[in-house]
Amino acid sequence: MSLKYPPLADAADRPALVTGASSGIGRASAEALAAAGHPVVVGARRADRLDDLVRTIREAGGQATAAAVDVTDAGSVAAFVDTVGEAYGEPEVLVSSAGSLVMGRVWELDPEVFASQVDIHLLSVQRLLHAVVPGMIERRRGDVVLIGSDVAYTARPRSGAYVAAKAGLETMAAQARKELEGTGVRLGVVRPGPVMTEMGTEFDEATAEAIINDWVKHGHGRHPRMCKPADLARGVATLVSTPRGAQITELEVQPEAPIEEDYK
């Protein structure tokens, strides 16, 4: 056992994998990591939307490669991981941000839809860990960042399977972190509060009204402000860039309330 740690390598020597990179937190995280100097492989099912991201990163002077990935398919995940090895070398950073959102009461949601939501938000994360973490352990270094959610602790009604899946993810992360002690691999969770992303924007007016009314009823609507994806991306970059010898295990990012001019 050594109490000393090798210094954190330059970002340019630490290739990163980012899933869910076609929009929202995933896209913002990819841009933040590339801006910090990491070569980035960005993945999503909507692969056509990755071209713009890659172009944006390259025009800013970063390195980026796009690859289609379906995180609900183990073969697709394996191929995605191979892409980073072929492009930049073995992955040193993994950011798991893929997701979709189907809202509804627990008992009203079709069981297959419920299961598919658990798959994309929980089972897919384990697929990524299975594909990436063993190599990190062998090299005795690596950073894994999982995007959680505050709903794991403050369940919001009509959130379908999202609450259950994110609660499972947070618990799985806590277990994995203990199992990774002494390996040189760090695993952290960035936990968003309300974030303005594409998830949930396709709801019709009646559904959106019912959701908001239930949230307010149960104390989840104290103010209208929401975080931006870039707010979470800064958290991801912070976890990844923390000097060796310490790790940020959980980082919750909540929107700041609007300033009240007449606050007493």
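Selection over the range 160-191 of residues that are farther than 18 Å from residue 123 by Cα and among the small types (Gly, Ala, Ser) gives a count of 2.
Within the range 131-149, the set of residues being surrounded by fewer than 18 Cβ atoms within 10 Å (Cβ to Cβ) and touching a residue at least 24 places away in the same chain (Cβ under 8 Å) comprises 135, 137, 139, 140. Do you know which residues across the range 28-60 are more than 18 Å from residue 124 (Cα to Cα) and among the basic types (Lys, Arg)? Within the range 28-60, 49, 55, 58 meet the criteria.
Test residue 86 against the criterion of being farther than 18 Å from residue 133 by Cα and either in contact (Cβ under 8 Å) with a residue 12 or more places away in the chain or not in a loop (DSSP other than H, G, I, E, B) (or both), and give yes or no. No. Here the range 49-81 is the region considered, the condition is being among the hydroxyl-bearing types (Ser, Thr, Tyr) and surrounded by 16 or more Cβ atoms within 10 Å (Cβ to Cβ), and the residue that is nearest to residue 16 (Cα to Cα) is 65.
Listed here are the residues, each with its yes/no results for (1) part of a helix (DSSP H, G or I); (2) at pLDDT 80 or above; (3) surrounded by fewer than 13 Cβ atoms within 10 Å (Cβ to Cβ).
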residue: 197; (1), (2), (3): no, no, no
residue: 211; (1), (2), (3): yes, no, no
residue: 220; (1), (2), (3): no, no, no
residue: 244; (1), (2), (3): no, yes, no
residue: 248; (1), (2), (3): no, yes, no
residue: 259; (1), (2), (3): no, yes, yes
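Scanning the range 134-165 for residues that are in a helix (DSSP H, G or I) and within 19 Å of residue 25 (Cβ to Cβ) gives 150, 151, 152, 162, 163, 165. For the range 17-38, how many residues are outside any helix (DSSP H, G or I), touching a strand residue (DSSP E or B) at 6+ places or on another chain (Cβ under 7 Å) and touching a residue at least 40 places away in the same chain (Cβ under 8 Å)? Of the residues in the range 17-38, 6 are outside any helix (DSSP H, G or I), touching a strand residue (DSSP E or B) at 6+ places or on another chain (Cβ under 7 Å) and touching a residue at least 40 places away in the same chain (Cβ under 8 Å).
Just name the residue that is nearest to residue 36 (Cα to Cα) out of those in the range 93-133 that are acidic (Asp, Glu) and part of a helix (DSSP H, G or I). The residue in question is 119. For the range 82-114, residues that are modelled with pLDDT of 95 or more, closer than 24 Å to residue 195 by Cα and either touching a Cys at 6+ places or on another chain (Cβ under 9 Å) or not polar (S, T, N, Q) (or both) total 5. Count of the range 1-43 residues, restricted to those that are under 20 Å from residue 228 (Cα atoms) and aliphatic (A, V, I, L, M), is 11. Taking residue 183 as the residue in question, decide whether it is surrounded by fewer than 19 Cβ atoms within 10 Å (Cβ to Cβ), farther than 15 Å from residue 149 by Cβ and modelled with pLDDT of 95 or more. Criteria met by residue 183. Just one of the listed residues (94, 101) is in contact with a Gly (Cβ under 9 Å, 6 or more places away or on another chain) and farther than 17 Å from residue 15 by Cα, namely 101. Is it true that residue 56 is farther than 21 Å from residue 142 by Cα and either hydroxyl-bearing (Ser, Thr, Tyr) or out of contact with any Ser or Thr (no Cβ under 9 Å at 6 or more places or on another chain) (or both)? When the stated conditions are applied, residue 56 passes them.
The values are calculated or read from the model by the stated rules, or taken from the named source; none is laboratory data. As the structure is a computational prediction, the values presented were derived from the model and not from experiment. Every residue, glycine as well, gets a Cβ built from its backbone with ideal geometry; the counts of neighbours run over all protein chains shown.
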